[in-house]
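Let me begin by presenting the structure, written as structure tokens, before commenting on it.
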Amino acid sequence: MAVHKVLGTETEYGISVRPSRDFNPALASAQLVNSYPGRRVRVQWSYEEESPGRDARGFGHEGYGVADPEGALVNAVLSNGARLYVDHAHPEYSGPECFDALEGALYDKAGEMIMFRAAAATTELLQTGQRMSLYKNNSDGKGNSYGAHENYLLSRETPFGDVIRFATTFFVTRQIFTGAGKVGAENGRPETGFQITQRADFFEEEVGLETTLKRPIVNTRDEPHGDPSKYRRLHVIIGDANLSEVQIFLKLGATALFLAALEDGALPDPLDLADPVEACWRASHDLTLRRPLELDGGGTATALELQWRYHDWLKKYVEGELADDEVAVRVIDTWEGILSDLETDPRRIADRLDWAAKLRLLEGYIERDGLSWADPKLKALDIQYHDVDPGRSLYRHLTARGQIRRLFTDDEIQRAETFPPERTRAYFRGTCVSRFPGSLVAANWDSLVFDTGESHLKRVPMMEPLRGDRLRVGALLDSVDDAAGLIAALGGH
Amino acid sequence: MAEREKVRRPKEAERPDVDEDTAALRAEADDRKLDELLDEIDQVLEENSEEFVKNYIQKGGE
């Protein structure tokens, strides 16, 4: 039986300060995190609980520790349950644990506004005329890529070999609806004017632990952030950061359903590709969506045809297992609409998918101004599509004119900047940030550490992602006045 | 394995044909909307595209 698919997103943002002659991205990112004006606590992130070097295939890696111990100093936990910090040379927003894909999309969008407010506050501190800008994209167009990761809770009983076997083709082919679009090719891939994804060019292995070089289609990092005897947590690194709300919803929703069906043995065939790494960039470079990919054992199919297969299997799965789950039903409907329109004419999808919206815009400029794909203006437009500043973001200009569909109101997103999801342990974490900011000294996904003024710090473990929700701890949190009261009420001493 | 080669496209038959005149009108309306949008975007575009793109360098990550 599949475990409930608690999920979340982890997004690194592109950062720049202009004009600047000695721009230092790590320093700028630290400044950004420290300037965020919303409710948050700067904490020590309890690194000892993290194990990025643990491999789901069953082996550990020596020396795979914390790459940037100084980053531990620039770490904030937000009242919405998220983590805002510096990862290498980028600011990263790791959203709170969400109950479903709709909530996951909402908190991913909240991250953009949190980054915007932090950048605006940092700009106030810069020299006159300087401005900090942040971009929710995944490539600088010069061979440097930074991640937009997703995570999904899995049962520890699910053999990781099955995940590798079944998920590879799903991840490669879902790119047709997860891509944010990019001008040009990188990392030695064949030249192209425009491609569907930002990230495909950077994937060079089928399976592996790496995230920064020789990126694998299936990442084996084994950090359950919960009871390790019960859970895995699949770390998905093959995806783009998206602006389109519908697209984030579909990306998270289809993947969560896929993984649930995999755990329940409801996927009839792994649909093995002959060469997944090659198929990865080929699918991204194919704007016609009609070029066949070679299947292992002979025959061919397009990414779109393979996605129809997954859609049909999961539609049946939802009808059988999740008929009362409104979000799951909505995922299937959204998916069907998008695949149908991709099949008829990708231009019809410009109101739902970033890559198609961006392509429509760029082709408009090409036609109006007589530009070639090599024109820097198109690359500039590509980058600016992702600017988190609502005044500069080209995505926002499209939504303001009703040319990209939305799922949320600005008010709903603003609320999610401050308040946590209520059906996961993010509720406990976020509420503690709001209520007891002065007592919270360290945090991790599965614990909080309080200083209640006594000789010992008090650690509250949170090993169950679905506990610590409002239903279980709301009344308890409301009934206490301070962190000492909380620890006493939880039965600690 | 043969089954895999016959990957079907289930939705093709179910979709009604789009009337050509309607499609043309829709395309025309979309062109107009796009033109207005491009004019608006011209006002907020980074001034020196070449410089902007050249300076957008993002090293390290993940």
Could you list, in sequence order, the residues of the stretch A:333-344 that are buried (at least 20 other Cβ atoms within 10 Å of the Cβ) and either more than 13 Å from chain B (Cβ to nearest Cβ) or hydroxyl-bearing (Ser, Thr, Tyr) (or both)? A:Thr334
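Can you confirm whether A:Ala180 is modelled with pLDDT of 95 or more and within 25 Å of A:Asp100 (Cβ to Cβ)?
Details: modelled with pLDDT of 95 or more: yes; within 25 Å of A:Asp100 (Cβ to Cβ): yes.
In short, yes.
Kindly indicate whether A:Tyr310 is under 20 Å from A:Ile217 (Cα atoms) and of a type in the set (Phe, Trp, Tyr).
Answer is yes for this residue.
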Condition (residue is under 29 Å from A:Ala2 (Cα atoms) and among the hydroxyl-bearing types (Ser, Thr, Tyr)) applied to the stretch A:269-288: is it met by at least one residue? no
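Would it be correct to say that A:Val236 is out of contact with any Asp or Glu (no Cβ under 6 Å at 6 or more places or on another chain) and buried (at least 22 other Cβ atoms within 10 Å of the Cβ)?
Details: out of contact with any Asp or Glu (no Cβ under 6 Å at 6 or more places or on another chain): no; buried (at least 22 other Cβ atoms within 10 Å of the Cβ): yes.
It is false that A:Val236 is out of contact with any Asp or Glu (no Cβ under 6 Å at 6 or more places or on another chain) and buried (at least 22 other Cβ atoms within 10 Å of the Cβ).
So if I check each of B:Leu45, B:Leu34, B:Leu25, which one is more than 9 Å from every other protein chain (Cβ to nearest Cβ), at pLDDT below 95 and surrounded by 10 or more Cβ atoms within 10 Å (Cβ to Cβ)?
Working: B:Leu45 fails: more than 9 Å from every other protein chain (Cβ to nearest Cβ); B:Leu34 fails: more than 9 Å from every other protein chain (Cβ to nearest Cβ).
Going through B:Leu45, B:Leu34, B:Leu25 in turn, just one is more than 9 Å from every other protein chain (Cβ to nearest Cβ), at pLDDT below 95 and surrounded by 10 or more Cβ atoms within 10 Å (Cβ to Cβ): B:Leu25.
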Residue satisfying all of: in the stretch A:372-394; surrounded by fewer than 23 Cβ atoms within 10 Å (Cβ to Cβ) and more than 10 Å from chain B (Cβ to nearest Cβ); nearest to A:Ser340 (Cα to Cα) among these: A:Trp373
Going through (1) closer than 23 Å to A:Asn242 by Cα; (2) within 11 Å of chain B (Cβ to nearest Cβ); (3) in a loop (DSSP other than H, G, I, E, B); (4) of a type outside the set (Asp, Glu) one by one, A:His311 fails only at (3)
Within the stretch A:450-484, residues being at pLDDT below 95 and among the aliphatic types (A, V, I, L, M) number 1
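Being of a type in the set (Phe, Trp, Tyr) and either within 14 Å of another protein chain (Cβ to nearest Cβ) or touching a Ser or Thr at 6+ places or on another chain (Cβ under 6 Å) (or both) is the filter here; which residues of the stretch A:185-242 pass it? So that I can check it myself, show each step before the final result.
Step one: list which residues in the stretch A:185-242 are of a type in the set (Phe, Trp, Tyr), which gives A:194, A:202-203, A:231.
Selection gives A:Phe202, A:Phe203.
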Any idea which residue in the stretch A:153-186 is farthest from the chain's Cα centre (by Cα), counting only those that are surrounded by fewer than 22 Cβ atoms within 10 Å (Cβ to Cβ) and of a type in the set (Ser, Thr, Tyr)? A:Thr158
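State which residue is nearest to the other protein chains (Cβ to nearest Cβ) when the search covers only the stretch A:395-409 and only residues that are surrounded by fewer than 23 Cβ atoms within 10 Å (Cβ to Cβ) and assigned to a helix (DSSP H, G or I). Break it down into steps so the answer makes sense when it comes.
First pass over the stretch A:395-409, keeping only residues surrounded by fewer than 23 Cβ atoms within 10 Å (Cβ to Cβ): A:396-397, A:399-403, A:405-409.
With the extra rule that they be assigned to a helix (DSSP H, G or I), the set shrinks to A:396-397, A:399-400.
Values: A:Arg396: 10, A:His397: 6, A:Thr399: 11, A:Ala400: 9 Å.
In this case the residue turns out to be A:His397.
Residue by residue through the stretch A:132-152, note down the ones that are among the polar types (S, T, N, Q) and within 10 Å of chain B (Cβ to nearest Cβ). Before you say what the answer is, go through the steps one by one.
If we filter the stretch A:132-152 for residues that are among the polar types (S, T, N, Q), which is where we start, we get A:133, A:137-139, A:144-145, A:151.
The answer is A:Ser133, A:Asn137, A:Asn138, A:Ser139, A:Asn144, A:Ser145.
Would it be correct to say that A:Trp355 is among the aromatic types (Phe, Trp, Tyr) and over 30 Å from A:Pro465 (Cα atoms)? If you could, list the steps in order and put the result at the bottom.
Numbers: among the aromatic types (Phe, Trp, Tyr): yes; over 30 Å from A:Pro465 (Cα atoms): yes.
Yes, satisfied.
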Is one or more of the residues making up the stretch A:358-369 within 9 Å of chain B (Cβ to nearest Cβ) and either among the small types (Gly, Ala, Ser) or not in a helix (DSSP H, G or I) (or both)? yes
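Inspect the stretch A:380-389 for any residue being more than 26 Å from A:Gln175 (Cβ to Cβ), under 20 Å from the mean Cα position of the chain (by Cα) and not in a helix (DSSP H, G or I) and give the result as yes or no.
At the first step, the residues of the stretch A:380-389 found to be more than 26 Å from A:Gln175 (Cβ to Cβ) are A:389.
Next, from what is left, pick out any that are under 20 Å from the mean Cα position of the chain (by Cα): A:389.
Keeping just the survivors that are not in a helix (DSSP H, G or I) gives A:389.
Within the stretch A:380-389, one or more residues are more than 26 Å from A:Gln175 (Cβ to Cβ), under 20 Å from the mean Cα position of the chain (by Cα) and not in a helix (DSSP H, G or I).
The values are calculated or read from the model by the stated rules, or taken from the named source; none is laboratory data. Because the structure is a prediction, the values reported are computed rather than measured. When we count neighbours, we look across all protein chains shown, and the Cβ atoms used for this are built from the backbone with ideal geometry, even at glycine.
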